[in-house]
Amino acid sequence: MSRRRKKIALRWLSTLVAFVAVGIMLFPIYAIIVASFESTVTLFSTQFHFFPYHPTLANYQTVLLGSQSGTVTSVTISGNQLAHVLTSFEIALATAVLTLVISVPAAYALAKYRMRFTVFFVGALLLAQIVPSIVLATSLFAILLKAGLVNTLPGVVLADCTYAVPFGILVLRAFLFSLPNEVMHSARVDGASEWQTFRLIVIPLARSAIITVAVFAFLAGWGDFIFALTTLNGASFEPITLGIYGFLGNYLANWGAVMAAGVVALVPAGVLLVIAQRYIATGLTAGAVKG
Amino acid sequence: MHKQRLAGWLFLTPAIAYVLFAFATPIVYNVAFSFEHDSLSTIGSIGAPWAGTFNYTAMFNDQIAQSAIVHTLLFTVGSLAGQFIIGLSLALLFSNRFPGRTIARSLVIVPWLVPLIVTGVIFRFMFQQEGGAVNQILVDIGIIHTPIDWLGSTSYALLTLTLANIWLGVPFFTLLLYSALQEVPAEVKEAAMIDGAGAWQRLRLVTIPIILPVIEITFILGFVFTVKVFDLVIGMTGGGPANATQLISTWSYTLGFQEFNFGEAAALNNVLLVAALVCAPLYLLLSRDQLSRSSGAGR
């Protein structure tokens with residue numbers, strides 16, 4: 001075989017291996033989507049169906065409209081998940097907003113103002129990323145309890161920002177280093193105040209990094225389970241992650257409903273992957289730590 | 001300039017307040033709780049009875065806590081080894097030019113976007129003994145003859161959990177190592193090739209030494225991420241069967257939030273915190289660029 005033909009064969013072999021690998025990575029997601037359209041009877045059978053067997057929308061009916069097919073013993077199971085989706089959305093949005101409010105100005109100060117405190121604070125942020133969520137969860141529960149914020153939306157949002165704030169500040173700071181100081185300098189010469197320079201010059205220029213951080217904070221808030229579990233024990237509202245856990249809590253899991261609720265929980269991630277893929281890839285390489 | 005100094009501090013104020021509230025105070029609290037007799041009624045207030053080292057003694061005599069520490073260790077080592085080997089292989093694969101490379105590379109990150117509790121549920125479903133996709137595939141292609149009880153047997157459950165976590169971490173390893181590989185100068189690889197180095201030698205003696213700093217930081221972040229895994233376990237096994245998949249994080253949760261034994265939970269949390277902070281010096285060292293980078297003076 002000529003060298004050239006060998007090279008072409010190697011390329012197609014790479015394609016094959018890559019797509020097998022991607023297939024394995026994506027198979028679990030495919031499996032849950034197929035399963036979400038099966039009846040619970042099918043799901044409990046001894047046969048796994050790689051393609052929809054008797055497709056039905058019953059699970060989505062249970063999950064989105066709260067039908068009667070759940071067991072009677074659990075309160076959560078009859079509660080429809082649409083309210084949970086809305087709660088998740090509120091939590092995720094609030095987490096993204098609060099993360100930006102805290103991290104954008106901080107990153108600006110740490111990148112562009114000369115302060116001795118910077119080294120100390122950046123070190124603290126790096127260490128903060130290391131602290132496991134369960135360590136924070138136990139104490140944050142006590143703190144929020146004292147503050148009367150257990151079982152409230154602000155309480156869980158404050159806890160959820162622990163994922164995104166250190167990450168957000170570090171990513172934004174790294175980005176802001178690339179802004180030339182002359183940009184801010186000329187704004188000041190034109191008479192802009194520090195705040196005006198930040199709001200009218202820096203924020204628009206940092207837009208892509210801000211979107212990256214917002215996407216990550218949103219996904220962290222959306223996918224959070226541990227802080228919802230520990231700070232919302234007995235709240236009148238719960239996010240979709242707790243809703244799914246509620247389905248699991250039954251002795252016999254209502255697989256169909258669990259699968260459909262799981263798929264519903266995948267939707268925003270899927271949408272963001274399509275519309276913000278560039279930002280997600282940037283954020284991941286910037287050293288995202290989730291969980 | 002006073003005005004700028006003031007502005008800098010004002011820009012930082014929300015972040016400082018948040019770090020004090022969400023990181024500094026909880027860590028101090030956690031240390032305090034570990035030396036107190038706390039219950040649900042005292043946890044929200046100051047002044048629980050002093051317990052000395054009681055909680056630590058209790059924890060180190062608690063067989064489930066002991067096994068949780070061992071499980072966390074095995075789970076972490078197994079996960080990181082699997083994630084690194086698969087992640088590096090995929091990163092090397094994606095460094096070649098081949099048709100469909102871009103789309104394959106962007107699809108690899110999808111698992112990372114799935115909420116962890118959902119991942120746990122998916123894997124619980126796929127690893128069912130009866131009607132689970134994994135057993136069915138393995139039986140169909142003839143690797144096993146009888147379905148394995150992946151999640152119900154105490155000897156397989158931790159392995160199954162580790163496999164799921166490897167799946168979860170591969171996108172992160174792949175992406176970080178891939179972007180590091182892009183930084184390896186082509187001339188260096190060509191030079192090694194001309195000197196007669198084979199593919200394996202080039203990888204071991206040229207590529208890996210060059211990307212070593214990134215490998216180190218990826219391991220550290222992967223380690224930090226793995227020791228705190230919680231949602232995945234709750235979704236897949238809930239710590240069972242017979243506590244065979246109980247990790248430090250899940251057992252701490254059970255102690256604190258289900259048995260209201262906040263003291264022992266805090267003691268166990270501190271073990272986890274110390275374990276996580278073991279890599280802190282190395283992490284700070286590798287991040288020294290971020291630390292020492294002088295702020296551009298905006299005069």
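General remarks:
- The single condition among (1) over 30 Å from A:PRO28 (Cβ atoms); (2) touching an Asp or Glu at 6+ places or on another chain (Cβ under 9 Å) that B:PRO209 does not satisfy is (2).
- Filtered by the rule that a residue be farther than 30 Å from B:PRO49 by Cβ, touching a residue at least 60 places away in the same chain (Cβ under 8 Å) and within 9 Å of chain A (Cβ to nearest Cβ), the range B:228-271 gives B:VAL229, B:ASP231, B:LEU232, B:ILE234, B:GLY235.
- Members of the range B:187-246 found to be open to solvent by less than 40 Å² (accessible area, probe 1.4 Å) and in contact with a His (Cβ under 9 Å, 6 or more places away or on another chain), listed by number: B:ALA244, B:THR245, B:GLN246
- Any hit, the range B:144-156, residues being in contact (Cβ under 8 Å) with a residue 60 or more places away in the chain, surrounded by 19 or more Cβ atoms within 10 Å (Cβ to Cβ) and under 30 Å from the mean Cα position of the chain (by Cα): yes
- Of all the residues in the range A:132-154, those that are β-branched (Val, Ile, Thr) and within 18 Å of the chain's Cα centre (by Cα) number 1.
- Restricting the range B:100-109 to residues that are at the interface with chain A (Cβ under 7 Å from one of its Cβ atoms) and touching a residue at least 24 places away in the same chain (Cβ under 8 Å), the residue that is farthest from A:LEU10 (Cα to Cα) is B:ILE109.
- Residue list for the range A:116-156, restricted to those being more than 7 Å from chain B (Cβ to nearest Cβ), surrounded by fewer than 21 Cβ atoms within 10 Å (Cβ to Cβ) and in contact with a Gly (Cβ under 7 Å, 6 or more places away or on another chain): A:LEU149, A:ASN151
- Residues in the range A:91-115 that are within 7 Å of chain B (Cβ to nearest Cβ), of a type in the set (Ser, Thr, Tyr) and either open to solvent by 20 Å² or more (accessible area, probe 1.4 Å) or in a helix (DSSP H, G or I) (or both): A:SER103, A:TYR108.
- Residue list for the range B:218-235, filter: closer than 14 Å to A:PHE225 by Cα, touching a Phe, Trp or Tyr at 6+ places or on another chain (Cβ under 6 Å) and not acidic (Asp, Glu): none
- Matching residues, the range B:81-99, being within 18 Å of B:ALA180 (Cα to Cα) and open to solvent by less than 20 Å² (accessible area, probe 1.4 Å): B:GLN83, B:GLY87, B:LEU88, B:LEU90, B:ALA91, B:PHE94
- Answer residue from the range A:119-133, given it is part of a helix (DSSP H, G or I) and free of Cβ contacts under 8 Å to residues at least 24 places away in the same chain and is nearest to B:CYS279 (Cα to Cα) among those: A:LEU127
- Neighbours by Cβ (under 8 Å, 6+ apart or cross-chain): first from the range A:3-24, of a type in the set (A, V, I, L, M, F, W, C); second open to solvent by 70 Å² or more (accessible area, probe 1.4 Å) and not in a helix (DSSP H, G or I): A:ALA9/A:MET1; A:LEU10/B:ASN96
- Residue within the range B:110-132 that is of a type in the set (A, V, I, L, M), more than 7 Å from chain A (Cβ to nearest Cβ) and not in a loop (DSSP other than H, G, I, E, B) present: no
- Single residue of the range B:7-47 satisfying the filter (more than 24 Å from A:ILE130 (Cα to Cα) and either under 29 Å from the mean Cα position of the chain (by Cα) or in contact (Cβ under 8 Å) with a residue 24 or more places away in the chain (or both)) that is least open to solvent (accessible area, probe 1.4 Å): B:ILE43
- Sub-7 Å Cβ pairs linking a first residue in the range A:196-223 that is at negative phi to a second residue that is in a helix (DSSP H, G or I) and among the basic types (Lys, Arg), at least 6 apart or interchain, are A:THR197/A:ARG188, ordered by first then second residue.
- Residue satisfying all of: in the range A:1-48; touching a Leu at 6+ places or on another chain (Cβ under 9 Å) and part of a loop (DSSP other than H, G, I, E, B); nearest to A:VAL258 (Cα to Cα) among these: A:PHE37
- Out of A:LYS112, A:LYS146, sole residue that is within 30 Å of B:ASP38 (Cβ to Cβ) and among the basic types (Lys, Arg): A:LYS146
- Selection over the range A:12-23 of residues that are open to solvent by 50 Å² or more (accessible area, probe 1.4 Å) and either within 21 Å of B:ILE109 (Cβ to Cβ) or in contact with a Lys or Arg (Cβ under 7 Å, 6 or more places away or on another chain) (or both) gives a count of 4.
- Pairs linking a residue in the range A:134-154 that is at negative phi to a residue that is outside any helix (DSSP H, G or I) and surrounded by fewer than 17 Cβ atoms within 10 Å (Cβ to Cβ), with Cβ atoms under 6 Å and 6 or more positions apart or on different chains, are A:ALA142/B:GLY44; A:LEU145/B:GLY44; A:LYS146/B:GLY44.
- All positions within the range B:245-275 that are of a type in the set (Val, Ile, Thr) and within 22 Å of B:PHE223 (Cβ to Cβ): B:THR245, B:ILE248, B:THR250, B:VAL271, B:VAL274
The values are calculated or read from the model by the stated rules, or taken from the named source; none is laboratory data. This one's a predicted model, so the numbers in the text were calculated from it and none came from an experiment. When we count neighbours, we look across all protein chains shown, and the Cβ atoms used for this are built from the backbone with ideal geometry, even at glycine. Ligands, DNA and RNA are stripped out before the accessible areas are found, and what is left, the full protein with its side chains, is counted by its heavy atoms. Shrake-Rupley method; radii C 1.70, N 1.55, O 1.52, S 1.80 Å.
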